[in-house]
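What follows is a set of notes on a single structure, which appears directly below.
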Amino acid sequence: MDFTFPQIPFHKFPLIFQIPTKSSLFTPYPEFDSPKFRVFLSFPTTMTFLKIFLFFPLLSLAFSQETFTSHLLPRPLIIEYPENTETNIRELEEEFKLHCTSWRFSVEANNINPWKTIPQECAKYVKDYVTGRAYGFDLERVSKEAGVYAKAVELSGDGKDAWIFDIDDTLLSNLPYYADHGYGLEVFDHLEFDRWVDKAMAPAIKSSLKLYEEVLGLGIKVFLLTGRSDGKRKATIENLINAGFRDWHKLILRAPDEQGKLATVYKSEKRNEMEKEGYRILGNSGDQWSDILGTSMSIRSFKVPNPMSS
């Protein structure tokens, strides 16, 4: 029987190729990634071996058919896998950053509520934010705008103009505490936080201390309204004084019968009591929306950034 070797047009070559990238030639065998083997297994050499390897099955196929059908296999599909470059990694990091920035913005705008912990994938982002310059700039911006307002507002001069400050993460920074608890990655533990409060070691937020002193200098009475229990009064006063805060008009903490109240309800009731005593609440600064929302609200409220707790 006579055989004629088929003439196969290039555009109908019935094979499927997967072309490896240069960097993948030695994966997953790093022991071969040496100068010696790079010479022996260079990319052109490897491709030559590949061509020979593919040629013999083709030859066998050709001589096993008396009548060759060019459509025995599909037309060629060439797949080339992209290398993992630094550019791809940077693009992925940028995607995570945008996602976490969007999440933080939604939290600060009170669009995500309630929430218990920061997203797992945003742990590094939140840490970098609160330990970097951006958090400081945001804190300064809030205090600066509050100071501009305080200096411009018309005072009554009767000693009844008031400004409310929250304490935790508004006047005093709990970053040392959050650093030991994942910067918000862990569910908030009230007992653990109380032990931190007892140490009276929280540093002042410098921009808030500056605003605090400006408000006092204008003759506005300062009320400190905190969710801390009254049993923490001594430690709270010690911490405030050590951090540079003095001359407040009144320090308000939760009484035992107020422990079960929602923060918004508790603080609204305390503001209502102030109004009944004749005080005009010109301003209110807090890191939580529950510090500033509710009833008997101030003329202007200033939300201090805090992506670590709700």
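The values are calculated or read from the model by the stated rules, or taken from the named source; none is laboratory data. All values derive from a computational prediction rather than experimental measurement. Cβ: placed from backbone, ideal geometry, glycine included. Neighbour counts: every protein chain shown.
Just give me the residues in region 141-185 being surrounded by 13 or more Cβ atoms within 10 Å (Cβ to Cβ), acidic (Asp, Glu) and more than 25 Å from VAL130 (Cα to Cα), in sequence order.
ASP161, the sole residue that qualifies.
Just one of SER301, SER229 is under 23 Å from PRO203 (Cβ atoms) and at pLDDT 95 or above; which is it?
SER229 is the lone residue from the list that is under 23 Å from PRO203 (Cβ atoms) and at pLDDT 95 or above.
Tell me, please, whether a residue that is under 21 Å from ALA150 (Cβ atoms) and buried (at least 20 other Cβ atoms within 10 Å of the Cβ) can be found in region 229-238.
First, the residues of region 229-238 that are under 21 Å from ALA150 (Cβ atoms): none.
Taking every residue of region 229-238 in turn, none turns out to be under 21 Å from ALA150 (Cβ atoms) and buried (at least 20 other Cβ atoms within 10 Å of the Cβ).
Considering only residues that are of a type in the set (D, E, K, R) and under 9 Å from the mean Cα position of the chain (by Cα), look in region 95-122 and name the one that is surrounded by the fewest Cβ atoms within 10 Å (Cβ to Cβ). Even if it seems obvious, please write down each step before you answer.
So the first thing to find is which residues in region 95-122 are of a type in the set (D, E, K, R), and the list is 95, 97, 104, 108, 116, 121.
Still in the running and under 9 Å from the mean Cα position of the chain (by Cα): 97, 104, 121.
On the way: LYS97: 14, ARG104: 20, GLU121: 11.
The residue in question is GLU121.
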